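Remarks on the structure that follows.
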Amino acid sequence: MKQIRIFLVLAALIFALAALSYSELAYAQRIDALGPQLRKYLSVSTPKVILEHVQIIDGTGAAPSPDQNIYIAGGKITAISPGADQSPSDGTTILNLRGYSVMPGIVGMHDHLFYFARPNLGADNSFDSPALFLEMSFSAPRLYLANGVTTIRTVGSVDPYTDLRLKQAIETGVLAGPHLDVTGPYLEGASNNPNLQMHQLTGPEDARQTVAYWADRGVTSFKAYAHITREELSAAVKEAHKRGLKITGHLCSVSYAEAAEIGIDNLEHGFFVNTELDPDKKPDTCSASGGDYTLEHMTPGSPEADRLIATLISHHVAVTSTLPSTAASVPTNASVDGRSPVRPAVLEAMAPSLRDAYLYSRNRPRPPQSNTALLLRRDMDLERAFVAAGGLLLAGPDPVGIGGNIPGFGDQREIELLVEAGFAPVQAIRIATLNGAIYLDRQDQIGSIAAGKNADLVVMKGDPATRITDIENVEIVFKDGAGYDTRKLLDSVKGHYGEY
């Protein structure tokens, strides 16, 4: 009997070693197959990698683990152990990372692949119609990956065929970029929306057919938009759920509570676009304030707020925080954290036309009666109350170029603003990593650092668990075990975001 047990142990060990060797061989073949457009941005491409003496922020919200070694093989995390010097070996890259932190790759849950162009932008923020969503298929994916975003959900597309082809090119190693969860075209109702790139639904059957059509072509998420009716939303939700897919919404004509009852899976922009308390709200009609009145009058802890949060949680509705999109509109003298509006690296990434538009908008006088800062703080407080009650909060910056909010940099800023909202740094990092993976049902592969998971990791100088702004000091981003050089990726798109 003892000999049989020994034999079984040895057999299991041999099988494990064979499987590991096979995964390393497959990884090496995958790296060899990468196109030249991608290979030149790799700084680590060996089948095995050891990250020595690093602080781990694992994405679960737990306290950091100092001085650890992370072992990577075949694109997976194979082990984590106390920090120790390792002897060099063939096919293994060893990085001594004393003074560095490693966190999971960011899972951006409100990200875009387009830039929002506003022709003839005026001093009062007016512009000539039509506004244009311009695809940034070249610059946006590189900006995301360079800044530590290894998975994104596009949350609304104006060119889903391009997005689907881009996803294929990234997954086959032709182009650099994060893993993509592609959202279909906006599900917008009949309205005077001046954006000509959005199809306007003609009724519930059109909504159902739209979901079915794009699901058949590989889209994996859907987004309801501001003027959709309750019947149209219900038809879209039923068709998406029938196919095992999820639907989120940037709403106005439908309130949060109504959407929860219908069965929506996710709501965008925190608590900003809930119109439940707006005095002029009518069924299936967007109110004049678009939810500002409701947000201003829904105090955390009030019966209205508690009832709404309980409704969302009981219906398993996630909420996506998009703080940078609002913070970018806060007057400079009312900045939520006293920082300058954007970092120099953001300006460097912008095309000259976008940079000029941003600086023009930033330097113009702001109306003193603006209550954006008040609404931002109210939304932050409601997001904290939602999490405290057990709600699933996701994170994404809604980066379309407005106010200097651009891909990758905006995702880092979102985490910083979550800390400004009152979350501990490790909680903010969890919201931006593991929570997104949980929503996408990919928590067994991504979102946290543990043996067996994909080696999607962000290496940064410093300690963001103590100084959240250290999250900006990214140097290497691992995606599926391959290490990308942040500086090289940023240099490749310098001056291009806003053009292509």
Query raised in the report: Long-range amide H contacts for residue 107: which residues qualify at under 5 Å (H placed 1.01 Å from N, peptide plane, sequence gap of 5 or more or a different chain)?
Result: 433
Requested in this report: Tell me the trypsin sites (Lys or Arg not before Pro) within the stretch 150-231 that lie in a loop according to DSSP and have at most 14 other beta-carbon atoms within 10 Å.
Outcome: 217
Report summary line: Dimensionless Rg/Rh of the stretch 155-310, both radii on Cα and Rh by Kirkwood, sits at 1.01
Query raised in the report: Which ³J(HN,Hα) values in Hz, rounded to whole numbers, follow from the phi angles of the stretch 232-242 under the Karplus curve 6.51 cos²θ - 1.76 cosθ + 1.60, where θ = phi - 60° and Gly and Pro get x?
Result: 5, 4, 4, 5, 5, 4, 4, 5, 5, 5, 4
Query - Distance from the stretch 193-217 to the stretch 169-189 (C-alpha centre basis), Å - result: 18 Å
Query - Long-range amide H partners of residue 100 with built H, under 5 Å - result: 55, 462
Requested in this report: Give me the distance between the Cα centres of the stretch 251-269 and the stretch 441-495, rounded to whole Å.
Outcome: 32 Å
Query raised in the report: Once you sort the root eigenvalues of the Cα gyration tensor of the stretch 106-439 as a ≥ b ≥ c, which label holds: rounded (a/c under 1.5), prolate (a/b larger than b/c) or oblate (the other case)?
Result: rounded
Query - the stretch 110-143 and the stretch 298-325: distance between their alpha carbon centers, rounded to Å - result: 29 Å
Report summary line: Residues of the stretch 230-273 with backbone N under 18 Å of the label point set 7 Å from the Cα of residue 200 along Cα→Cβ are 230-233, 251-254
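Residue 343 to residue 359: extension gain in nm, 0.36 nm per residue of separation minus the Cα-Cα distance?
Value of the extension gain: 4.5 nm.
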Query raised in the report: Which length gain, in nm to one decimal place, applies between residue 316 and residue 217 when the Cα-Cα distance is subtracted from 0.36 nm times their residue separation?
Result: 32.9 nm
Report summary line: Mean separation of Cα contacts under 8 Å (at least 6 apart) over the residue count of the stretch 106-439, i.e. the relative contact order in percent, is 18 percent
Query raised in the report: Can you list the HN-Hα couplings for the stretch 456-467, worked out from phi with the Karplus curve (6.51, -1.76, 1.60; θ = phi - 60°), rounded to whole Hz and with x for Gly and Pro?
Result: 9, 9, 10, 9, 9, 6, x, 9, x, 5, 9, 10
Query - Coil-residue trypsin sites (Lys or Arg not before Pro) of the stretch 45-118, DSSP, other Cβ within 10 Å capped at 15 - result: 98
Query - Members of 76/488; 246/479; 48/246; 40/461; 48/461 lying beyond 27 Å, as alpha-carbon distances in this model show - result: 48/246
Query raised in the report: How about the stretch 400-500: which trypsin sites (Lys or Arg not before Pro) there are in a DSSP loop, with at most 15 other Cβ atoms within 10 Å of their Cβ?
Result: 467, 494
Report summary line: Among beta bridges assigned by DSSP with both residues in the chain, the antiparallel ones amount in percent, to the nearest 5, to 55 percent
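Quick note: the coordinates plus some simple rules give every number you see, no bench work behind them. Computed from a predicted structure; not experimentally measured. A quick note on method: Cβ atoms are made from the backbone with ideal geometry, for glycine too, and the neighbour counts reach across all protein chains shown.
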